[in-house]
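Visitor: Encoded as structure tokens, here's the structure I'll be asking about.
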Amino acid sequence: MTFFEDCPPQVLKTHGELLLALSHLFAQGGENLSQTLSPLVKSCSAIAEHYNTSRLLQANQILAQYSETNDGEYLVMCYEFNRLFVGPNAPVAPPYESVYLSSDHLVMGEQTLAVRKFYQRENLQTIGQRHEPDDFISTELEFVAYLLSRIIETQAAKNSAKIQLYKTLYQEFWQQHLGLWLKTFAHTVSQSAKHPLFSALSEILVALSTLNAPLNTKEAPYETYAPQISRRSSSRCCL
Amino acid sequence: MKLTRRKFLGGAAAVAASSMTLFNFNLLTNSPSASAADQPSEAIKTFRNVCPRNCYDTCGMITYVEDGVLKKVEGDPKHGYTNGKLCLKGYSYPRRVYSPDRIKYPMKQSPRGSGNWTRISWDEAMDTIAKKILDLKKRYGSTLPICLDKYSGNFGIVHYGIEGTMSSIGYTTRAVGTPCWPAGIDAQTYDFGTLYSNDPEDMVNAKYIILWGQNAAWTAIHSLPFINEARERGAKLVVIDPILTSTASKADLYIQINPSTDGALALGMARYIIDNNWVDWEYARANSLGFDEWVEYVKKSITLDWASEKTGVPKDIIMEIAREYATAKPASMWVGYGMQRHTNGGQNVRIIDALGVMTGNVGKSGGGVNYGHLETWGFNYNAMVNAPPKGSKGFIGPDGKEGDRAINMNNFAHDVSAQSDPPVKMLWLACRNPGAQDPDTNAIEKMFSSMEFVVTVDSFFNKTVEMSDIVLPATTHFEDWDVMASYWHYWVGINQRAIDPLYECKSDVEIAIELSEKMNALEPGSCTFPTSGTPEEWLAKEFNPGIHQMLGINDYKELIDGPRKAKMPPASWSDGNFRTPSKKIEIHSELAEKNGLPALPIWVDEMKTPEKYPIRFMTPHPQYALHSQFQNLDWMMTTNPEPKVEIHPNLAAKYGITEGTMVKIYNDLGSITVKAHLTRTTSTNVIVAYEAWYKNSNFNVNYTLKAIPSDMGKQATGNDGLAFHDNFVMIEKA
């Protein structure tokens, strides 16, 4: 199946918004959930309604519930965010690709450098290069959101060569990077989450991964952070 | 990560105007090179680094960096002691630098100990800390309520900027002393004027080697090749230790001695040496004071039967090693730090010193009573030296001088709590983890909970961080410039910044600079720490002509080509210029006597085993860690996943304990529960567990450890040491 065929621009745009909303949520941290949750709920609603996936709808309902919570609850969610992703304790689910995919399970592994090369293909680099691992989840999500935006732009311009270029880049990046670790990461989160918000977030990451997974994507085996889970083949994206 | 929302024209804009995108980037930006993806990887660059841990070996390292990523570390072949190899801890360094567990950002905990952490900016962290300092200063009229506890987490010279941070805000309360080796330092200070060991590479010239309470196979592996070379040349290796260590297992002769009776063994040897007239009278009489007085004491008070009874060492073995040690010429002794962690530990070292003197082995290549040295540490300590702000009020010491208020590092919980005028209200912890390493952990926890404010600078979430209000992320030594000397070998090496600091980590000097800027913004003149200078410039300021001369260099940059060995003779004290008041070896030390200790190296009884707690609990250094560093890393947790207590099968049987049984170890102070490992490497009245901080574990041997002082340490280090190995407990099946 060819990636992105017959997908209306509006759906691609909604996908991009979801990717960016997730990117912002992880980048801006637990302290800013009151700003980052609502955009995520909005973009997630659009996706869930478009594909009519009940699990995504249910997860998004939980997100929606907590996006309108009080300051005290936001603080609890912030603490949980930091326990899961930031520290100062050893974070339960470090949000970096190479932690899951490299044989060393460290940051700045071969995946980090491979991702850096990918960004460079588009003459991009991370703002925090050499300080922050390039394969931070937010950066990877921003990169695919960018690629999606390029697809939309080139489709509008009817530049078929560019359309194909960005579709290929998008597909390659999912196959070689995000698609290989996002579910593992999500599963690690769901296994350890002590707050419903993060179980729901995990569901959304799984759904996103499934929607974007081309047929030949192979998930990486993982040993350190979670037991293997089987990849669902249903609810495929029309992309 | 920078979260400032910025709108960029995407990278494709560089290719063609028609390809411009209006995508809003947050984390990505234009790459400076239009064809960056086609560029090959950077060539691998190498850097010189030095392991800054509290370790004999202080290894020279070569760090390989590709595309800004530390790929691997190796021993520096130009470092004559490290000789191209590292220990397992050293080889694990990339795993420490790139561990996902590292503390990445300044974080605040509300309330302390709750586990509720929020990420804060450096500016907020500095603002909070600076305001707290100024508030305490206003309330108490001085900065004495602020207490610094810094020690050996990083022994880099620039890291003394931590002390400089405190000096620059005013007079503060300081944890003074050293938990590691002070009794032995004082012993050698009384005897020789200071501690000054032979070059360890000189051990190749020894014809006989005694490792006395020293487990080099775990704690100083780079010395073993020199010992082995000596053995290849015919030297005999004797290891004296209460535990059959990895080092002991390699020895020609292993002597399992009763703990804390090393002086008795040395006195028994001395008696046999005197009886057989193997004494080097000429050397001893020419170079020492009080030698004959001590010989008379030995003849009058010491018998081999007594020494054998006291030490548990058979008489014929005492005679054998006495004869061999006295007649080998030269014979080397290496006194380990564990040996002096007793209530009579310093005195035992003094007796062993006397053994070296009586056989003429002091001042000789291939000889020495080797304990450690500080001969190569003559740096400027520029980062440490800052005048207090004008008008600072200090503590008036016994000498009438105003200054910092010293408290005992080795009884930290008690001494902090005991301060009342003014009380201690804020702790600053750096290069130090008292939550895991100090005695009486329950008291430490209680003391921490009584504080108004606790700041910790660290790389990992250990027990001390857990008890802090704010944690600041520390750089590793690969992310910083520094210079390192050793307290064992004679080499000095530079530490280059090999990689950029990860996340938002900062060095201690960078933290001091930030704090100074903030404090002066809030209250001009409230902090004297300079606010300029690159990390390399701060390093450069540590060098002086004396160091240049000692290392044979004209500029610190020459150390980038390789570490340098100090130009010193291989044998300490070979010039006979001892640094005691009399300029001779003081077998009779008036200084010791003045300090309430025996003037002579005579026997002082070991601590008696309490009836209620008949089992000695020894907690020596671990194989896979250095105190609370390294054990938390994945390699170590895989290899050594859980702590164990070593118990002799006979003792275990008495309490119904079998291999793998969970054992409760307890005394009046507290308890720990740990899995049993039955082994005959320890004796029937000694159990052994290795002190360490395991990831996600509350295991801590110090819950049972009282802050009992060793006999010496005050003279040279400010406070007596800790009798870590005079800890007595009861055990039962958990």
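Visitor: Put a dot 7 Å past each Cα toward the Cβ at residue B:577 and residue B:320; how far apart are the dots in nm?
Guide: 4.3 nm
Visitor: Something else now. What ranking do B:325, B:381 get, fewest neighbouring Cβ atoms within 10 angstrom at the top?
Guide: B:381, B:325
Visitor: What is the antiparallel percent of DSSP beta bridges lying wholly in segment B:615-733, to the nearest 5?
Guide: Taking every DSSP beta bridge with both residues in segment B:615-733, the antiparallel ones total about 65 percent.
Visitor: For segment B:614-696, which trypsin sites (Lys or Arg not before Pro) are in a loop by DSSP, counting at most 15 other Cβ atoms within 10 Å?
Guide: Sites meeting the loop and neighbour criteria: B:680.
Visitor: Sorting B:79, B:621 on the 10 Å Cβ count, fewest up front, what's the list?
Guide: B:621, B:79
Visitor: Quick check for me: using +1 on Lys/Arg Cβ and -1 on Asp/Glu Cβ, what's the dipole size of segment B:615-733 about its Cα centre, in debye to the nearest 20?
Guide: Dipole of segment B:615-733, to the nearest 20 debye: 220 debye.
Visitor: For residue B:532 and residue B:83, calculate 0.36 nm times their separation in residues minus their Cα-Cα distance, and state this gained length in nm to one decimal.
Guide: This chain segment gains 157.9 nm when fully extended.
Visitor: Also, quick follow-up: Work out the charge dipole of segment A:9-212 with +1 on the Cβ of Lys and Arg and -1 on the Cβ of Asp and Glu about the Cα centre, then indicate which of A:120, A:37, A:205 is farthest towards its positive end.
Guide: Result: A:120, furthest along the dipole toward the positive end.
Visitor: Shifting gears a bit: Give, as a single signed number, the net charge of other residues whose beta carbon lies under 14 Å from the beta carbon of residue B:532, with Lys and Arg counted +1 and Asp and Glu -1.
Guide: Residues near residue B:532 contribute -4 overall.
Visitor: Just to verify a number: FRET efficiency for residue B:655 and residue B:557, C-beta to C-beta distance, R0 = 45 Å, to 0.05?
Guide: Efficiency, from the Cβ-Cβ distance: 0.15.
Visitor: Please work out whether segment B:593-734 counts as rounded, prolate or oblate from its C-alpha gyration tensor, where a ≥ b ≥ c are the square roots of the eigenvalues and a/c under 1.5 means rounded, while otherwise a/b larger than b/c means prolate and anything else oblate?
Guide: oblate
Visitor: Quick one: dipole size for the protein assembly as shown, taken about the Cα centre, charges +1 on Lys/Arg Cβ and -1 on Asp/Glu Cβ, in debye to the nearest 20.
Guide: The dipole of the protein assembly as shown has a size of about 1100 debye.
Visitor: Do you know the relative contact order of chain B, to the nearest whole percent, from alpha carbon pairs under 8 angstrom that are 6+ apart?
Guide: 20 percent
Visitor: With the cut-off at 1.5 for a/c, could you classify segment B:45-97 from its C-alpha gyration tensor as rounded, prolate or oblate?
Guide: It comes out oblate by the Cα gyration axes.
Visitor: With n ≥ 4 as the cut-off for DSSP H runs, can you work out [θ] at 222 nm for the protein assembly as shown, using -39500 (n - 2.57) per run divided by the number of residues, rounded to the nearest 500?
Guide: Helix contribution divided over all residues of the protein assembly as shown: -10500 deg cm²/dmol.
Visitor: Okay, moving on. Taking the Cβ of each residue in B:497, A:116, B:285 as the centre, tally the other Cβ atoms inside 10 Å and list the residues starting with the fewest.
Guide: B:285, B:497, A:116
Visitor: Once the dipole of chain B is set up with Lys and Arg at +1 and Asp and Glu at -1 on Cβ about the Cα centre, which of B:298, B:206, B:427 lies farthest towards its positive end?
Guide: After comparing all options, I get B:427.
Visitor: Between residue B:642 and residue B:292, what length in nm is gained on full extension when 0.36 nm per residue of separation is reduced by their alpha carbon distance?
Guide: Here the answer is 120.7 nm.
Visitor: Give me the distance in nm between label points sitting 7 Å out from Cα along the Cα-to-Cβ direction at residue B:281 and residue B:301, one decimal.
Guide: Between residue B:281 and residue B:301, the simple spin-label model gives 2.3 nm.
Visitor: Put +1 on the Cβ of every Lys and Arg and -1 on every Asp and Glu Cβ in segment B:615-733; which of B:693, B:673, B:635 then has its Cα farthest towards the positive end of the dipole?
Guide: B:673
Visitor: Please work out the C-alpha center-to-center distance from segment B:705-734 to segment A:69-129 and express it in whole Å.
Guide: Between the Cα centres of segment B:705-734 and segment A:69-129 lies a distance of 44 Å.
Visitor: Here's a follow-up. Would you mind classifying segment B:215-281 by shape? Square roots of the alpha carbon gyration tensor eigenvalues, ordered a ≥ b ≥ c; an a/c under 1.5 is rounded, otherwise it is prolate if a/b is larger than b/c and oblate if not.
Guide: Oblate.
Visitor: Ignore the peptide's own chain and count Cβ atoms of other chains within 10 Å of each Cβ in A:72-82; give me the average, rounded.
Guide: Other-chain Cβ atoms within 10 Å of each residue's Cβ, averaged: 2.
Visitor: Specify the longest stretch of chain B that does not include any exposed loop site, a site being one of the GluC sites (Glu not before Pro) with a non-H, G, I, E, B DSSP assignment and at most 11 other Cβ atoms within 10 Å.
Guide: The segment B:43-610 is the longest one with no such site.
Visitor: Could I ask something else about it? Could you tally the net charge around residue B:635, taking each other residue with its Cβ under 12 Å from the Cβ of residue B:635, Lys/Arg +1 and Asp/Glu -1?
Guide: So the surrounding residues net to +2.
Visitor: Roughly how big is chain B's charge dipole about its Cα centre, with Cβ charges of +1 (Lys, Arg) and -1 (Asp, Glu), in debye to the nearest 20?
Guide: Dipole size: approximately 1120 debye.
Visitor: Cα centroids of segment B:264-342 and segment A:162-191: how far apart, whole angstrom?
Guide: When both Cα centres are located, 73 Å separates them.
Visitor: Have a look at the DSSP beta bridges in the protein assembly as shown and tell me what percent are antiparallel, nearest 5.
Guide: 50 percent
Visitor: When you look at the Cβ of every residue in B:114-121, what mean number of other chain Cβ atoms sits within 10 Å?
Guide: Shielding by partners across B:114-121 averages 5.
The numbers here are math on the coordinates, done by the rules we state, and not lab data. Computed from a prediction, not measured in an experiment: that's the story for all the values here. For neighbour counting, all protein chains shown are included, and Cβ atoms are generated from backbone atoms with ideal geometry for every residue, glycine included.
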